[in-house]
Amino acid sequence: MDEVVALCKRRGLIFPASEIYGGIANTYDYGHYGVLLKRNVTDAWWKAMIQERDDIVALDSAIIQHPRTWEASGHLAGFSDPLVQCLGKCKKRWRLDHLQEAAVEAGEDPAAVRCPQCGGELTEPRAFNLMFQTNIGPVQEEGSTVFLRPETAQGIFLDFKTTLQYARKKPPFGIAQIGKSFRNEITPGNFIFRTLEFEQMEMEFFVPPDEAPNWHEYWINERLEWYVSLGVDRDKLRLRPHGPEELSHYSSATSDIEYLFPIGWSELEGIANRGDFDLKQHAEHSGQKLDYVDTATGDRYVPYVIEPAAGLGRTVLTLLCDAYDEDEIGGEQRTVLRLQPSMAPIKAAVLPLVNKDGQPEKARAIYEELRSRMSAEYDTGGSIGKRYRRQDEIGTPWGITVDHQTMEDDTVTLRDRDTLEQVRLPVAGLADELAGRLERP
Ligand code: GAP
């Protein structure tokens, strides 16, 4: 993990937020390449959820909703972590459930956990609500308290009725959204694995109650295959059904997709069967009917909800950990991100071999043609080896070099990041060739 973190900082993908003030706990900023990488992930998610289907519609709901939302959803009463504090030397705070999980994995007694840092005794657990609270208006008064959403899902439930009316869909159908959520996480975050603010990619799929188990199974498989389609190593992905004691307050069944991060197997996405919990709760608290009437049969029912809930930051971290590699070229150590081309922040770098003889102008012209088709970079700074190395570090799959032969016969060399193979190709048709490679599975 340290190597991935160092690379992200060095190449400006992801770095600590508020760094000039010493940083702020579990909070990170995404720089240029990080933003491009994130966008590739969200584009792929929208494509799988919306573009390639006709049973899901998009939504972008508010972060701050009516405060009664969180009463109804159960988050005010039940969205808390069991917090313990070390009574020994270090006084650190820990999540009891995390310590107990680690104890079970190590074959130890989960009832006898002690402080992992100094071995001290721990306090009794205290429930700690994870929602950030703020106020609407200039003064703190009763009724002005609102919350930053801890999940994007609730906005979807609040808009269920409106969507049903305008979208002309009937169950089974889904509503998808990507947006920021906020949780007051107090335990170590492991880089971007657990942060205070994070983007979720959530889809609520509304189904007739008797079809819920089948759709749950269906979405578990769909979502697992989606990560494989991004190039993630299938052997480092696994499914883990939740035991009854760890189910969220709204869920009757949840399976996590886990990835083998450097910190061990950890949750990447949860796929829950939320039943009719949320719609029923909001119907009761709002006084509105949130059911579906089948006009053909006259059947009236509250749909069940199957929810694949993914984290954008965790997907980015998965791609980075999965792609990170080190090898040696000509006796020199190289760091390389072996990202699938569709996920790479930059697809092609156009590099003039020397900064003279018309090569920079030629390279720039090729770059300008290419950039309307894919994200590309033009780089003249440093030796050609150094420039390749810089591109390898951010995962650029193709290097296009303009050399003296280019000026004679209008061909370039195309270097492959992984095989290091260089082939000569005519400039005409180069963009088509790379665009074709990008589309290939
Ligand atoms: N609506 C259901 C829900 O929010 P969750 O398992 O709490 O379920 C879904 O969150 C996903 O959101 C997780 O699998 C994870 O990828 C991401 N996530 C949750 N908390 C996070 C945090 N503090 N930092 C980064 N990602 C987080």
Exercise for the section: Go through the residues of the stretch 379-391 one by one and say whether even a single one is surrounded by fewer than 19 Cβ atoms within 10 Å (Cβ to Cβ) and within 25 Å of Lys38 (Cβ to Cβ). Expected result: yes
Exercise for the section: Write out, first by first residue and then by second, each pair whose Cβ atoms fall under 8 Å of each other, whose residues are 6+ apart or on separate chains, and whose first residue, in the stretch 1-19, is free of Cβ contacts under 8 Å to residues at least 40 places away in the same chain while the second is among the acidic types (Asp, Glu). Expected result: Phe15/Asp29; Pro16/Asp29; Ala17/Asp29
Fill in the blank from the handout: Sole miss for Leu339 among (1) in a strand (DSSP E or B); (2) aliphatic (A, V, I, L, M); (3) under 26 Å from Arg194 (Cα atoms) is condition (1)
Problem - Subset of the stretch 297-318 (residues that are within 13 Å of the ligand (Cβ to nearest atom) and either at positive phi or not small (Gly, Ala, Ser) (or both)) - result: Val305, Ile306, Glu307, Pro308, Leu312, Arg314, Thr315, Val316, Leu317, Thr318
Handout entry: Residue match in the stretch 144-151 (condition: of a type in the set (Ser, Thr, Tyr), modelled with pLDDT under 90, assigned to a loop (DSSP other than H, G, I, E, B) and within 14 Å of the ligand (Cβ to nearest atom))
Key = no
Exercise for the section: State the number of residues belonging to the stretch 78-116 that are within 24 Å of Arg183 (Cβ to Cβ), touching a residue at least 24 places away in the same chain (Cβ under 8 Å) and small (Gly, Ala, Ser). Expected result: 2
Practice task
Output the number of the condition that Ile192 fails; it satisfies all remaining conditions of (1) of a type outside the set (Asp, Glu); (2) surrounded by fewer than 20 Cβ atoms within 10 Å (Cβ to Cβ); (3) near the ligand (Cβ under 10 Å from one of its atoms).
Solution key: (2)
Exercise for the section: Go through the residues of the stretch 342-353 one by one and say whether even a single one is surrounded by fewer than 16 Cβ atoms within 10 Å (Cβ to Cβ) and either free of Cβ contacts under 8 Å to residues at least 24 places away in the same chain or farther than 25 Å from Arg10 by Cβ (or both). Expected result: no
Practice task
Give me the pairs, please: first residue somewhere in the stretch 184-213 and at positive phi, second residue anywhere and among the hydroxyl-bearing types (Ser, Thr, Tyr), beta-carbon distance under 9 Å, and either six or more positions apart or on two chains.
Solution key: Asn190/Ser266; Phe191/Tyr28
Practice task
Kindly indicate whether any position in the stretch 129-137 is more than 14 Å from the ligand (Cβ to nearest atom), at pLDDT 90 or above, more than 33 Å from the chain's Cα centre (by Cα) and not β-branched (Val, Ile, Thr).
Solution key: no
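Going by the conditions given, is Gln200 part of a strand (DSSP E or B), within 10 Å of the ligand (Cβ to nearest atom) and either in contact with a helix residue (DSSP H, G or I) (Cβ under 9 Å, 6 or more places away or on another chain) or at pLDDT below 95 (or both)?
It is true that Gln200 is part of a strand (DSSP E or B), within 10 Å of the ligand (Cβ to nearest atom) and either in contact with a helix residue (DSSP H, G or I) (Cβ under 9 Å, 6 or more places away or on another chain) or at pLDDT below 95 (or both).
The values are calculated or read from the model by the stated rules, or taken from the named source; none is laboratory data. This is a predicted model, so every value here is computed, not measured. Here Cβ is always computed from backbone atoms with ideal geometry, including for glycine, and neighbour counts include all displayed protein chains.
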